[in-house]
Structures are given as structure tokens and as C-alpha cells.
Amino acid sequence: MESGVIDKLSALHVPVLFVDYEIDPAKDTAPSIDLLGKVLNRESQAKAFTDYYRQQLQSIRQKTATITPKANVFVEALAGNSDACCFTHGHSGWGGLVEAVGANNIGSQLLPGASGFVSLEKIISMKPDAWIMTGSKRGNSQVLPLGYAVKPEAVKAQAQTLLARPGVSQIPAVQEKRAYGVYHHFYNHPWNIVGMEYLAKDIYPQAFGDLNPDETYHYIVRHFTDLPDQPFVFSWQQSE
């Protein structure tokens, strides 16, 4: 690395480990957890999680492999966090998760790098089949407040405010009530499989009508962690 940190750690005989949940999330997440399990001497626990992860991902891919044509999707990452619209991800982050569930990520077609802004006019011209806003509860009250200790009414109210922004109401997906909200922090987390399930259900509702991402999250918390299993609101859909 340019800072020389790796060389300095190597000189001190400090092992360095690289993991990835964001650059190529569907490909790298499970191997990263397997690697962590090995170096932390928790291989059986890591394998239990990655077996489940791979099973859930394979279930999604088996269904989307036969879907044609592929849906065109735009993800507005942290919708409302900026006065400008619309910030999105390319092939990594949310873009990688969209592509992992068998859809075309519009941001990947337009951005030269990992993330950036795309004009509303360009998005409208590309006629996305689904418009997905990510968000999390934070100091900025304009962002979709998804997460723990959240009231669905507050999420719905802010989602409607975001959809009422100038130009957003002209997006074909919004006009067809195909706008959705997803908890932002799945994009760079080992539990991104939950984010992929929300995406699959939103993008291809007929194929994934029985999929329950909320229950997947509860299952992960109960079976692979010692965390309390508390109520949350991680998603929103315009048709509700």
C-alpha cells in the first residue's frame, strides 16, 4: 500500500489479513468469513454461517437464472443525504448486490468508478423497472430512517417526502409504484445476504413472493451471534 503500512507490519512480523464484503460482495463475503474463522480458530462457527449464506444465495440465483429480460434497477444510496440527486454505486457495494440477484444495475453502466452522482434526466431516460432508496437512522433527518427502534410510520412519511422531490415523481418506476427502501448498511457487511434477499423480493416480486428477508435476519442473529434479537424496520415499499 502507498502508506507503507503493510511493509511496516511485515517488518514487525504482524500478519495482515484482507477481507472484502463490498468490492465483490457475492463472490468474496463467504470466503472472507471462512478465512477469519481459520485465523481466529473458529472454523466450525464460520463454516456454519457460510454454509447458510451460500445456501441462501444459491436459492436466489437458481430462480433469477431463468428470468428474462433482466430488470433495470437504480439504487439511490442514502437517499436524501445530499441536496443533489442521485448518488449511486457502480459494480461494487449496492451495485454488486443488484447484479448478484440477476438484475442490471444502472449505476454500473454510467459510473467510471465505484460511486458517484447520476442526473435525474439520465435516470428517467433509462426507464428503471425498480427504484430503490437505501437509508439508515442518523442525524440527517432527510434520510430514510431504516434500522432498529424505528416506527414504520416514520419510514413511510420520509419515503413519501423523498419521492415528492422535483423530478423523482417522473421516474417510470415511481409512477408505477415500484419504489422501495432498504437498510443502507447491508452493502458492506457480512450479512449482505439479507440485503440481497430484500433486493430480489423487490425487483422480482412474482418470483420471490414467499421469500422473507426479515426472518433470514432473525435467523442469523439467533443462530450465529449472541446479540439480542430486537425489532427492526429494514425495508419499505411504495405499494404499502
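The values are calculated or read from the model by the stated rules, or taken from the named source; none is laboratory data. Nothing here was measured: the structure is a model prediction, and the numbers come from that model. All Cβ positions, glycine included, derive from the backbone under ideal geometry; neighbour counts span all protein chains shown.
For segment 15-69, what are the residues that are basic (Lys, Arg) and under 18 Å from the mean Cα position of the chain (by Cα)?
Going residue by residue through segment 15-69, those that are basic (Lys, Arg) are 27, 38, 42, 47, 54, 61, 63.
LYS27, ARG54, ARG61, listed by residue number.
Condition check ((1) under 19 Å from ASN188 (Cβ atoms); (2) out of contact with any helix residue (DSSP H, G or I) (no Cβ under 6 Å at 6 or more places or on another chain); (3) modelled with pLDDT of 90 or more; (4) of a type outside the set (A, V, I, L, M, F, W, C)) across all residues:
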{"site": "PRO31", "(1), (2), (3), (4)": "yes, yes, yes, yes"}
{"site": "LEU35", "(1), (2), (3), (4)": "yes, yes, yes, no"}
{"site": "TYR52", "(1), (2), (3), (4)": "no, yes, yes, yes"}
{"site": "SER59", "(1), (2), (3), (4)": "no, yes, yes, yes"}
{"site": "ILE67", "(1), (2), (3), (4)": "no, yes, yes, no"}
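Cβ-Cβ under 9 Å, sequence separation 6+ or interchain: first residue in segment 220-231 and farther than 12 Å from TRP191 by Cα, partner surrounded by 10 or more Cβ atoms within 10 Å (Cβ to Cβ) and aliphatic (A, V, I, L, M). Which pairs?
Here the result reads HIS223/ALA48; LEU227/VAL221; PRO228/VAL221; ASP229/VAL221; GLN230/ALA149; GLN230/VAL221; PRO231/ALA149; PRO231/VAL150, each pair linking segment 220-231 to a residue that is surrounded by 10 or more Cβ atoms within 10 Å (Cβ to Cβ) and aliphatic (A, V, I, L, M).
Of the numbered conditions (1) at pLDDT 95 or above; (2) in a helix (DSSP H, G or I); (3) exposed (fewer than 13 other Cβ atoms within 10 Å of the Cβ), ASN41 fails exactly one; give the number of that condition.
Condition not satisfied by ASN41: (2).
So how many residues does segment 9-22 have that are loosely packed, with under 11 Cβ neighbours inside 10 Å and outside any loop (DSSP other than H, G, I, E, B)?
In the first step, residues of segment 9-22 are kept if they are loosely packed, with under 11 Cβ neighbours inside 10 Å; the result is 11-18.
Adding the requirement that they be outside any loop (DSSP other than H, G, I, E, B) leaves 11.
So the count comes out to 1.
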